[in-house]
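The values are calculated or read from the model by the stated rules, or taken from the named source; none is laboratory data. On a predicted model such as this, the values are computed, not experimentally measured, just so you know. As a convention, Cβ positions derive from the backbone with ideal geometry for all residues, glycine included, and neighbour counts pool all protein chains shown. The accessibility values were calculated without ligands, DNA or RNA, using every heavy atom of the protein model including side chains. Shrake-Rupley method; radii C 1.70, N 1.55, O 1.52, S 1.80 Å.
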Amino acid sequence: MVINLNLDSVGGASALTALTSGFERLDAWVNDNAARAGLPIATHVPLMANSDHANFAAHGIPAVRLLAGFNAPDSNLRLVLTAADTRDKVQPEELDQALRIATTLTWQALSAADATLSSLAAGRG
């Protein structure tokens with residue numbers, strides 16, 4: 001395994017963030033690929049060990065955790081796993097955006113040269 005792309009809660013807020021698990025080159029790769037595709041995304045480099053993507057990162061595998069509502073305490077993500085966690089809290093446009101970003105990153109990973117993917121783990125911060 002050379003890369004992990006973890007889809008977390010990708011609806012419930014208009015903005016998506018890619019947590020890049022301390023891999024600075026992975027962070028640049030995510031930003032570059034999203035920008036080339038004209039897709040908006042924020043990134044967060046420091047490792048956040050509160051999801052299963054952290055297990056991959058701990059083994060040196062570049063790991064992206066894609067989620068909505070990061071640092072947005074008023075987003076509908078605050079309602080996850082509550083009685084108010086209902087379908088109306090997610091807009092179709094949010095899911096469409098997540099699909100475009102996830103498929104872009106997945107395709108770029110699948111079509112990348114082995115050396116490119118291997119380089120994403122180098123120089124981890």
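In region 16-49, how many are open to solvent by 10 Å² or more (accessible area, probe 1.4 Å), touching a residue at least 12 places away in the same chain (Cβ under 8 Å), closer than 24 Å to Pro92 by Cβ and over 11 Å from the mean Cα position of the chain (by Cα)?
3
Can you name the residue in region 105-115 that is free of Cβ contacts under 8 Å to residues at least 12 places away in the same chain and in a helix (DSSP H, G or I) and, of all such residues, is most open to solvent (accessible area, probe 1.4 Å)?
If we filter region 105-115 for residues that are free of Cβ contacts under 8 Å to residues at least 12 places away in the same chain, which is where we start, we get 107, 110-113, 115.
Still in the running and in a helix (DSSP H, G or I): 107, 110-111, 115.
On the way: Trp107: 156, Leu110: 132, Ser111: 65, Ala115: 77 Å².
For region 105-115, the residue satisfying everything is Trp107.
Looking only at region 50-104, which residues are open to solvent by 60 Å² or more (accessible area, probe 1.4 Å), under 12 Å from Leu16 (Cα atoms) and either part of a loop (DSSP other than H, G, I, E, B) or small (Gly, Ala, Ser) (or both)?
Within region 50-104, just Asn71 meets the criteria.
Kindly list, by first and then second residue, each pair from a residue in region 59-71 that is closer than 12 Å to Ser14 by Cα to a residue that is among the aliphatic types (A, V, I, L, M) and part of a loop (DSSP other than H, G, I, E, B), limited to pairs with Cβ atoms under 6 Å and residues at least 6 apart or on different chains.
Once the first residue is closer than 12 Å to Ser14 by Cα and sits in region 59-71, its partners that are among the aliphatic types (A, V, I, L, M) and part of a loop (DSSP other than H, G, I, E, B) give Ala68/Val10; Ala68/Ala13; Gly69/Ala13.
Since Ala113 meets every condition but one in (1) farther than 23 Å from Asp52 by Cβ; (2) under 17 Å from the mean Cα position of the chain (by Cα); (3) at pLDDT below 95, which condition does it not meet?
Ala113 satisfies every listed condition except (2).
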